[in-house]
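In what follows, a structure is listed as structure tokens, so that the remarks can point back to it.
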Amino acid sequence: MKNKSCLTHLAAALLAWGSSFAADDAPLRVESPTGALTVDGNGIGLAPSVASCPAISPKGDPLWAVLLQPEGGPPLKGETMALTDKGQAVRKQAEADGVRLIYDQLTDGRQTWKIALTLDIRRKGDAFEITGQLRNDAQGWVVCGFIGPVLGGIAADLATHPVLMADGFGKRINRTPTTTEKPAPWSPSAHGFEITSHYPGRSGTMQWCAFAGEKGGLYIGSHDAAHGGKLFDLRYSPATGRFGIAIKHEIFRAAGQSWAMPPMLILPYQGTWHTAARYYRSWFDSTTSLCDVPGWARDASGWLLCILKQQNGEVLWDYPSLEKLCHVADQRGLDILGLFGWAHGGHDHLYPDYLPDPKMGGEGALRKALKELRRRGKRSIIYANGQLQERDTEFWNTQGKDLAVIQRDGVSVQQTYHKYNNIPIYRFDLGCLATRAWYDRMLSLAIQANDFGADGILFDQLGMSGPMACYAPGHGHPVPAMVYASERPAFIRRIADHMKQVNPEFIVMTEGLHDSVLDSIAMFHGCVLGMFYASSEEIASRLRRDRATDAFPEMFRYTFPEVMSTVRVPTPMMDREMANYTCAYGLRYEIESRYAPDVRYLRENQVPDTGEYEHVINKPDVGMMKATPPGEAIRYLKTIIEFQRAHAGLLWRGRFSDTQGFSFKGDGLIAKGFAAGESIAVIVWNPGNSPQPFALDVPGAELMSASEPERGKVEPFGALPPQSLRLLLWKRRASIQ
Ligand SMILES: [Zn+2]
């Protein structure tokens, strides 16, 4: 909410003031091999020399805004205000490879603030880089955000240059709102319409976006190794038909403090969007290493997520029955059991206390069950919520309330998760990750999970929540501070590092996705855009690009092909369409057992009616369960998983190369590449209902074989049967000779 309010204030402030540049000032100019960047009173312009990159012709939108609020913790008086570059005195200085803009102090035309800002705009290789320094010496004021630099007046046509934004695994924005439909997923804004992405969190998983044409485009990234909280704001003005990108940095800097703006990179690029993805990845690799995932996890097909005891106290699977769950997982080819609701409180109740439950057999039975599970070749992940603590519990009363994230109005950030309509609503505060006590509790839960014999711990939700402000004193951070931002990767990494010492095979997982935790998270429990059920119709829509936006999972998968994530199917089965989707995108499978009828489905192949979930608020997909007989769903999932296992070197351990390195033609078909060493696998998927011909070639490589999960070896280029996959295996010619 605070973000919206800041942006509204900004918008009002922006319209009021004149330019700091004189009208006859020559624009400042920075050149690179890919174009010329100009800065004048209208903003930042771009004349790209890359033919397919959109130009930027600024229209006078503010270049930046500093957001201010009065100093102090809650209850805080006074509104957030915005000072922009409009009306400020600026000195311009030529620098090597660029220019520097210097603002010695800031004014709103009446009052002056001792806040100094410099912006450096320079060439960096083929790109342009903008960095900055802000120094707050305004006593009594806290800088509470910085918006900018703002790129306005981007002349793009979404029909040829859709925007890729890192919402979940990726979102492609295909067109602007029309006058005859609701603007969603666009939101009305002071600029017309906007779509925002909040990093790091489920809606902002990477720090880049692109206007992505077939032959070239415009990359805009924030290369912030500290993973600070920020919003990527895509703006569209129906009045001008132009687009804008604004990055809003979520910071707090009290009087006496400085802030270095992380580099913003602007790159006109040639080729498909994969070039932009590689550019970001290349920067990422210069700052961070990906988590070293143990072999057993790398080769895991996916998991059976299982709630043992529900929020209402109902025991669905006791510890001795984990043996039966192993059998259920075996039947389907799933390698991991995700044990949710395994503790005395049940799922989403009494957090963060997690004790073995005597009603489920007690600690001895749990240890025995985990041992047996391992003997049977399965792995187990034990659940702990990484952020929730239930209010009015003993933990909360004795220490938790002092660890809670507190908002500006003095009230804690609260969440509710209500599973049944006939039980009370439990309320949760969020543990502030900066506090020692919350860290100690989470670490102790990981140690406990390992001690019980589990193979890993899932800290639920830490890949979901975006950054937020915390105004609580005594947390070890300044007041206020942004939390669930830069400190979160360090929080998880400390636990993961500790556990590596205890047991190198033990993994840390979380729910959601964002790249700030890739150095410590071995696998994600996917619960973000691109991981949800994708029907044939959904895939056909994505191929047609006929909606305002689409999920575009290729974006994150290609940028980080090593990153493992499960899909999200909160139903005790997945159908053929979803199994094929999971395989084609190189994701990991999941099915979920959450409620009593789910258990009957898994134990007895009994297909439930919706009525059996009487008090359940978020029911599974009963329609999907009814549409495929249980035996058939089990058979197909097992078949496709064993097919992948047979090609694990490519499909699980290889690099997802999307559409790079081969040419493909096939109506309504999806083709995705996986590379490992000299081998290339291309999976061709027909999500439609009729056989489809296709043409495929991997230049410089020789076709070795073609196979399908159900038919084994097949004719490589015969029409692809409906609802099926084919794997074509190629080897680079140089390696054959
Ligand atoms: Zn805090």
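Values in this text are rule-based calculations from the coordinates and carry no lab data. Keep in mind it's a predicted model, so treat the numbers as computed, not measured. Ideal geometry is used to build each Cβ from the backbone, glycine not excepted, and the neighbour counts take in all protein chains shown.
Brief remarks follow.
- Sequence-distant residues sharing a close amide H with residue 257 (under 5 Å, placed H): 136
- Fully extended contour minus Cα-Cα distance, from residue 715 to residue 107, at 0.36 nm per residue: 211.6 nm
- Qualifying trypsin sites (Lys or Arg not before Pro) in the stretch 70-133, where qualification requires a DSSP coil assignment and no more than 15 other C-beta atoms within 10 Å, comprise 77, 110, 114.
- Per-residue Cβ neighbour rank within 10 angstrom, fewest leading, 142, 315, 30: 315, 30, 142
- Between the Cα long axis of helix 273-285 and the first principal axis of the chain there is an angle of about 90°, rounded to the nearest 10.
- Residues residue 665 and residue 689, FRET efficiency given R0 of 30 Å [Cβ-Cβ distance, rounded to 0.05]: 0.90
- Scattering profile of the chain at q = 0.06, 0.07, 0.08, 0.10 Å⁻¹ [log10 I(q)/I(0), Debye over alpha-carbon scatterers]: -0.38, -0.52, -0.68, -1.05
- For the stretch 2-285, alpha-carbon Rg over 2.2 N^0.38 Å: 0.96
- Kirkwood-based shape ratio for the stretch 234-386, expressed as Rg/Rh from alpha carbons: 1.19
- Amide H contacts of residue 573: 592, each under 5 Å away and 5 or more positions distant or on a separate chain (H built 1.01 Å from N in the peptide plane; Pro and chain starts excluded).
- Pairs from 665/713; 378/672; 86/248; 309/371; 638/672 whose Cα-Cα separation, in the structure shown, is over 26 Å: 378/672
- Taking label points 7 Å from Cα along the Cα-to-Cβ direction, residue 331 and residue 540 give a separation of 3.2 nm.
- Using the Cβ-Cβ distance between residue 605 and residue 359 with R0 = 30 Å, the FRET efficiency computed as 1/(1 + (r/R0)^6) comes to roughly 0.65.
- Where labels lie 7 Å past Cα in the beta-carbon direction, separation of residue 139 and residue 299 in nm: 6.8 nm
- You can think of it this way: the chain between residue 614 and residue 502 has 35.9 nm of extra reach, that is 0.36 nm per residue less the Cα-Cα gap.
- Global size of the stretch 449-592: 17.8, 54 Å for Rg and Dmax (C-alpha atoms, Rg to one decimal, Dmax whole).
- In loop segments of the stretch 556-615 as defined by DSSP, the GluC sites (Glu not before Pro) with at most 12 further C-beta atoms inside 10 Å of their C-beta are 614.
- Gain in span if fully extended, residue 240 to residue 632, counting 0.36 nm per residue against the direct Cα distance: 135.6 nm
- A DSSP coil position with no more than 14 other Cβ atoms inside 10 Å describes the following trypsin sites (Lys or Arg not before Pro) in the stretch 364-452: 376.
- Here the stretch 2-285 is assigned +1 on the Cβ of each Lys and Arg and -1 on the Cβ of each Asp and Glu. Its dipole about the Cα centre then comes out at about 440 debye.
- Translational diffusion coefficient of the stretch 649-736 (Stokes-Einstein, Kirkwood radius from Cα pairs, 25 °C, 0.890 mPa s): 189 µm²/s.
- Modelled spin labels at residue 436 and residue 653, positioned 7 Å past Cα toward Cβ, are 4.4 nm from each other.
- The stretch 353-369 and the stretch 601-656: distance between their alpha carbon centers, rounded to Å: 28 Å
- Spin-label zone in the stretch 332-348 - amide nitrogen under 16 Å from a point set 7 Å from the Cα of residue 312 along the C-beta vector: 346-348
- Computed per residue of the chain from DSSP H runs no shorter than four, each worth -39500 (n - 2.57), the mean residue ellipticity at 222 nm is -6000 deg cm²/dmol.
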